[in-house]
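The values are calculated or read from the model by the stated rules, or taken from the named source; none is laboratory data. From a predicted model like this one, the values you see are computed outputs, not experimental measurements. Glycine gets a Cβ as well: all are built from the backbone with ideal geometry, and neighbour counts include every protein chain shown.
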Amino acid sequence: MDYSKHTSAMSLYNNRLDPARSKSIRNHNLTLIANTLTSSNKHYSRAELARITGLNRSTLTRLVDSLIEYGIISELHSEITGSGRPAVPLTPSLHTYASIGLSLSKSNLEACVIDISGNILSRYYEQINDTNPTIILKKIKNIIYSTKQKLQKANLPTVSISIAISGLMNTTEQHKISSPNLKWNHVDLSDFYNKNDKDNNLEFIPISFIDLAAAGAYAEIYLRNKKGNTIPNFLYIHSGNSIDTALIKNNTFEQGCNNWGGKFGHVFVSSGKSNCSCGHTGCLESFAGSRALIREGKLGENASINNFYAALFRNEPAATRAANIAAEKLGIAISSFINIFDMPVFIFDGIYSEIFDSVKDKIIETIKERAICSNWSSIEIMKSIVPGNASALGAAWKGMNEFLNTPELWIKKSKEALSYYPIQSMSSDI
Ligand SMILES: [Zn+2]
């Protein structure tokens with residue numbers, strides 16, 4: 001496979017096809033059909049696809065045959081339509097290609113492996129106590145190697161590896177990252193996993209990096225499309241040790257000029273005494289990040305966010321007060337965002353998804369007080385619909401999406417391979 005055709009690191013999901021990126025009209029049409037089927041909750045027949053895409057029936061039939069040969073889509077059992085002619089529903093293929101997504105935060109490292117249909121083939125979770133970059137990057141490398149090995153044993157090609165991480169990627173040197181939350185300063189990510197490694201004989205696949213919140217938003221968009229519940233405009237708020245956001249406008253990621261936006265946790269919300277991970281005081285993160293909740297919840301230095309959830313659900317006064325303060329500061333930051341960007345929907349993952357029912361009223365109350373348009377605009381806050389770690393799933397889906405948009409990387413499959421589901425031999429854990 002020629003991975004030089006992969007899009008660059010930090011490129012983000014774009015549901016709309018850019019014709020200029022396609023090598024040919026045929027490739028454009030192949031990706032159009034692949035995207036239509038993978039992003040929908042419906043199993044379209046050839047006739048329905050012809051109607052949706054505007055392609056004539058014979059062209060579409062040839063393209064669908066190719067997509068089946070490449071293991072991108074499969075046929076389901078035919079259904080009898082009103083006219084009596086059987087329609088064969090088409091669906092994204094199971095177990096023909098695998099994409100690995102990882103997410104790294106200050107407290108945990110997670111991974112998941114998906115196929116084209118979005119099925120999660122495998123998951124990994126590890127709690128982290130030390131964010132030393134040498135140790136962490138070695139852990140990541142080991143996870144990637146062992147996952148690729150298992151996938152290779154199962155005859156399942158790994159087509160992409162993406163890592164979701166909170167920090168600022170240097171735009172001129174794409175692999176240099178600084179992350180206040182991880183206490184990483186200008187860490188070089190290009191060396192820890194490269195072509196020259198001798199300790200594996202697996203095919204080299206370049207790694208791409210994505211912001212934690214953007215990865216979570218990928219998963220949100222993907223699952224909402226699958227459920228037929230698309231929201232075209234929203235701010236996705238990833239909350240953990242850090243609070244990061246991704247802005248979606250008209251189903252498209254709005255990126256800053258350098259990909260350095262979305263650092264919602266470092267927005268000034270109020271005078272405060274506690275230092276934020278960036279070194280300043282008054283940032284949203286210093287009131288509403290996990291460390292602030294644990295500290296204000298009086299849970300002790302070694303407590304985890306799960307201890308905070310338990311204290312809050314037991315209605316312990318310190319935890320309740322901490323959640324209230326955090327909700328108010330979140331409401332202030334969201335109101336400022338509404339006043340500037342006129343955004344109607346805010347979706348939380350992580351902490352504020354877990355404790356949503358305890359904080360939503362205070363957040364809404366603060367927004368109503370502070371957002372100038374709140375009397376006329378219907379502003380909604382909601383929980384993410386993604387179960388489990390949205391960032392690892394989103395990173396995996398971003399990589400798979402880029403693969404689907406690059407037909408040059410697809411591999412023709414034998415009939416035997418297409419009728420065989422090799423992943424059954426793979427353990428469910430990485
Ligand atoms: Zn800060």
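Any residue in region 255-262 that is within 16 Å of the ligand (Cβ to nearest atom) and crowded, with 21+ Cβ neighbours inside 10 Å?
Step one: list which residues in region 255-262 are within 16 Å of the ligand (Cβ to nearest atom), which gives 260-262.
Those still in the list that are crowded, with 21+ Cβ neighbours inside 10 Å too: 262.
Yes; the residues of region 255-262 include at least one that is within 16 Å of the ligand (Cβ to nearest atom) and crowded, with 21+ Cβ neighbours inside 10 Å.
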Tell me the residue from ALA322, ALA311 that is in contact with a helix residue (DSSP H, G or I) (Cβ under 7 Å, 6 or more places away or on another chain) and in contact (Cβ under 8 Å) with a residue 24 or more places away in the chain, please. ALA322
Condition (residue is more than 10 Å from the ligand (Cβ to nearest atom), of a type outside the set (A, V, I, L, M), at pLDDT 95 or above and more than 18 Å from LEU168 (Cβ to Cβ)) applied to region 264-283: is it met by at least one residue? no
Tell me the residue from ALA288, ALA292, ALA246 that is away from the ligand (no atom under 16 Å from the Cβ) and surrounded by 15 or more Cβ atoms within 10 Å (Cβ to Cβ), please. ALA246
Suppose the filter is away from the ligand (no atom under 14 Å from the Cβ) and aromatic (Phe, Trp, Tyr); does PHE209 pass it? yes
